[in-house]
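The values are calculated or read from the model by the stated rules, or taken from the named source; none is laboratory data. In this text, all values refer to a predicted model and were calculated from it rather than measured experimentally. As a convention, Cβ positions derive from the backbone with ideal geometry for all residues, glycine included, and neighbour counts pool all protein chains shown.
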Amino acid sequence: MAVGDVFKALADPTRRIILDELAQRDGQSLFELCSRLVMQHGSTSSRQAVSQHLAVLEDAGLVLSRREGRTKIHSLNTEPLREITERWPL
């Protein structure tokens, strides 16, 4: 995983909102995330668009997923952020 992938993933406001939602309530399905984005943020992103955002976040290591039956559950992974803060400590 490259640090550039993390920064690229964080550059998009919708992806940051998805991370915020997972920070508030970890372990959500695509359906749950889409519902929360609409209800909490008035998002008009399609289910496919949210799925693509999740793929970018997964590629950057910021989201982990696991299967529960036919449902894919998404969880926040803050390890890549920790690596960045350790690289440039204050």
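Taken over the range 35-73, the criterion of being in a helix (DSSP H, G or I) and more than 23 Å from residue 8 (Cβ to Cβ) is satisfied by 35, 36, 38, 39, 40. Checked against (1) part of a loop (DSSP other than H, G, I, E, B); (2) within 25 Å of residue 84 (Cα to Cα); (3) small (Gly, Ala, Ser), residue 23 meets all criteria but (1). Restricting the range 80-90 to residues that are exposed (fewer than 12 other Cβ atoms within 10 Å of the Cβ) and assigned to a helix (DSSP H, G or I) leaves a set whose member that is nearest to the chain's Cα centre (by Cα) is 82.
Taken as a whole, the range 5-16 holds at least one residue that is more than 18 Å from residue 66 (Cα to Cα) and in a loop (DSSP other than H, G, I, E, B). The set of residues from the range 74-90 being in contact with a helix residue (DSSP H, G or I) (Cβ under 8 Å, 6 or more places away or on another chain) and free of Cβ contacts under 8 Å to residues at least 60 places away in the same chain comprises 74, 75, 76.
Are there any pairs, at least 6 apart or on different chains, whose C-beta atoms fall under 7 Å, with the first in the range 21-45 and farther than 12 Å from residue 73 by Cβ and the second assigned to a loop (DSSP other than H, G, I, E, B) and of a type in the set (Ser, Thr, Tyr), and if so, which? From the range 21-45, the pairs are 37/43; 37/45.
Any chance the range 52-62 includes a residue that's more than 23 Å from residue 85 (Cα to Cα), modelled with pLDDT of 95 or more and surrounded by fewer than 19 Cβ atoms within 10 Å (Cβ to Cβ)? Looking for residues that are more than 23 Å from residue 85 (Cα to Cα), modelled with pLDDT of 95 or more and surrounded by fewer than 19 Cβ atoms within 10 Å (Cβ to Cβ), one finds at least one in the range 52-62, hence yes.
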